[in-house]
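Reviewing the structure listed below.
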Amino acid sequence: MSLLRVASTIEDVKELISHCKKTGYASFDFETTGLEYYEKHNKPLCLGVSFQPGSSWVIPLAHKDSPMLKNKVWVKALKLFGREVLENWDIVKIAWNLKFEYKWCLRYGIKCRGRLFDAQLAKYCLDEERPNDLKSWVQTLYPQYGGYEDKINKGANAVPWAEKPLDDLMKYCGIDADLTGRIMNYFEGRLIKLGFYNLFRNLLMMATRVLAESEFEGMAIDRGYLLNLMASYKIKITEAEKALNSQPALVKFIKKNNAKIVADFILKEELEIQEIRKNGAPNAARLIANREAKISNYRSGIFTAKEQEKLGGLNWKSPQQVIDFFYKPITYQTPKGAKQAGTKFGLKMTPKLFTDSGAPSTSEEALELLRPQDKTGVIDALLTFRGLEHLNKIYIQGMYDILGSDDRVHANFKVFGTVTGRISCEKPNLQNIPRGCIEYNTHILTNEGWRIIGDFIPPEIGTYRLPGDIKVKTHTGEYRRITHGVNKGKQEMFEVELDNGTIVTCTKEHKFLTPQGWRTLTEVLKNNLEILIDETVN
């Protein structure tokens, strides 16, 4: 097993620092109370460090049983190690998924310098296929350590990380640091032998630095504005749903569909009565009476809660119910055999697109193809409702759900995980965020050919629904339908000269970064705030 020593005093940390300087290596690993490094309530519990294969040291930090916590020196110890080792240009730093450790270092004012090696990225550079986790590669390269996390946790996986016994947590952390260093040594040799070392050092590791710092800084969000949007969109979505569900064609469909469901309820009970009479069961009279009572209730409009759910209106989140409403009866093939969908009393359209499973599609693209045939207005109403729900889910409520207490959204950029080598992003996926408003003279594609969006916006100030089939080309090269335009009127423009002589032309709503955070030009002038020149937004 890996030899472990605990650095429980500042003097111990100084000794650890001297060892790292002698070998020139520090493979390190944090165990923390949570992944959200930007939340003040989260803390690093311990730091594992290995400067040579086969051994590791652990610095107990903010764990409730840490001697450094009790002596109130854990932050001092962490910053001392950071200054002497992690910021030391001559020491190679190694970690698995280095971005995580990098951001926790930034949290305490430590900026990793010199050569940084991410063993996870080294593995990805050699082979982009999964698995990419440390435990899998420990099992592959050092099977004698396989399952070490289970042995250390002793089956107490349900216990919060901060509640795990400190001794067990330090053993786990120390082995992580040691094995990460050993695996990186192996991967480094493979990278050099196969000719991938320059790619790893000069591209992937450089990207890690930039992305980690970008994630740490995050994206500033106006919390008050976002809360107002949430309130207004709740009303808009409710109104859009009400408008959708009040469409005459839909009301007619629900009435007929409910009648069919009730008829099916009754038929089921009648068939069961016939079966009971045929079999001549001893308690047949009671069983028949129960079913006759159910039939009487159905005809009187009395249903159980479960039955009432089926009779409630159309659930727009149910693909099957939407298919039944839009399409005529159709039999389609799936991997599991033939299935039926559609009804005789819905819109009775013919599907244009099908899903991968063979079912008629009800996606936005499929409905767009059907929209010219729809004389009822249901498709327009549904697309409006879906559009508002999507905007709210992704950009409004969705943004609020991941907003940190620092009023910033800290996205997670993944340098690994795709076989194409591209960077992906989550929480939020920044590739999905619109690049901004479409200007008055932006060219758009319509049924009548290329036009400018200004042709469709009335001269009065306000928000307007755009008529017809209007699409705009996105940054990905796709054409996306746009449904609304805004006329803000002629806005008053201002010229702001910055300290370096740069002149920024902007409106009163233009935001600048100040020591007090992002503020509009109005707030900057009113409060005489300093503008940070290098970080203005046009």
Could you say whether any residue in the range 159-170 is assigned to a helix (DSSP H, G or I), touching a helix residue (DSSP H, G or I) at 6+ places or on another chain (Cβ under 7 Å) and modelled with pLDDT under 95? yes
Sole exception among (1) surrounded by 14 or more Cβ atoms within 10 Å (Cβ to Cβ); (2) part of a helix (DSSP H, G or I); (3) modelled with pLDDT under 95 for Asn132, by number: (2)
Identity of the residue in the range 267-303, touching a residue at least 12 places away in the same chain (Cβ under 8 Å) and surrounded by fewer than 14 Cβ atoms within 10 Å (Cβ to Cβ), that ends up nearest to Leu314 (Cα to Cα): Arg299
Outside any helix (DSSP H, G or I), among the aliphatic types (A, V, I, L, M) and in contact (Cβ under 8 Å) with a residue 40 or more places away in the chain, is that true of Leu80? no
Has the range 181-189 got any residue that is out of contact with any strand residue (DSSP E or B) (no Cβ under 6 Å at 6 or more places or on another chain), outside any strand (DSSP E or B) and free of Cβ contacts under 8 Å to residues at least 24 places away in the same chain? yes
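The rows are residues; the columns are (1) open to solvent by 70 Å² or more (accessible area, probe 1.4 Å); (2) without any contact (Cβ under 8 Å) to a residue 12 or more places away in the chain.
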| position | (1), (2) |
| --- | --- |
| Asp176 | no, no |
| Leu179 | no, no |
| Gly195 | no, yes |
| Leu211 | no, no |
| Tyr233 | no, no |
| Lys236 | yes, no |
Within the range 83-106, take every residue that is open to solvent by 60 Å² or more (accessible area, probe 1.4 Å) and either of a type in the set (Lys, Arg) or in contact (Cβ under 8 Å) with a residue 60 or more places away in the chain (or both) and give me the one that is nearest to Asp178 (Cα to Cα). Asp90
Would you confirm, using the coordinates I've provided, whether Gly313 is of a type in the set (Gly, Ala, Ser), farther than 30 Å from Glu269 by Cβ and within 36 Å of the chain's Cα centre (by Cα)? no
Return the pairs, sorted by first residue and then second, in which the second residue is open to solvent by 10 Å² or more (accessible area, probe 1.4 Å) and part of a loop (DSSP other than H, G, I, E, B), the first residue lies in the range 111-124 and is under 21 Å from Lys79 (Cβ atoms) and of a type outside the set (Ser, Thr, Tyr), the beta carbons are less than 8 Å apart, and the residues are 6+ apart or on different chains. Lys111/Glu87; Cys112/Glu87; Arg113/Glu87; Arg113/Asn88; Arg113/Trp89; Gly114/Asn88; Gly114/Trp89; Gly114/Asp90
Answer yes or no: is there a residue in the range 48-56 that is in a helix (DSSP H, G or I) and open to solvent by 60 Å² or more (accessible area, probe 1.4 Å). no
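The values are calculated or read from the model by the stated rules, or taken from the named source; none is laboratory data. Treat the numbers as computed from the prediction; the structure is a model and nothing was measured. In this analysis, Cβ positions are derived from the backbone assuming ideal geometry, glycine residues included, and neighbour counts consider all displayed protein chains. Just the protein is used for accessible areas: all its heavy atoms, side chains included, with ligands, DNA and RNA removed. Shrake-Rupley method; radii C 1.70, N 1.55, O 1.52, S 1.80 Å.
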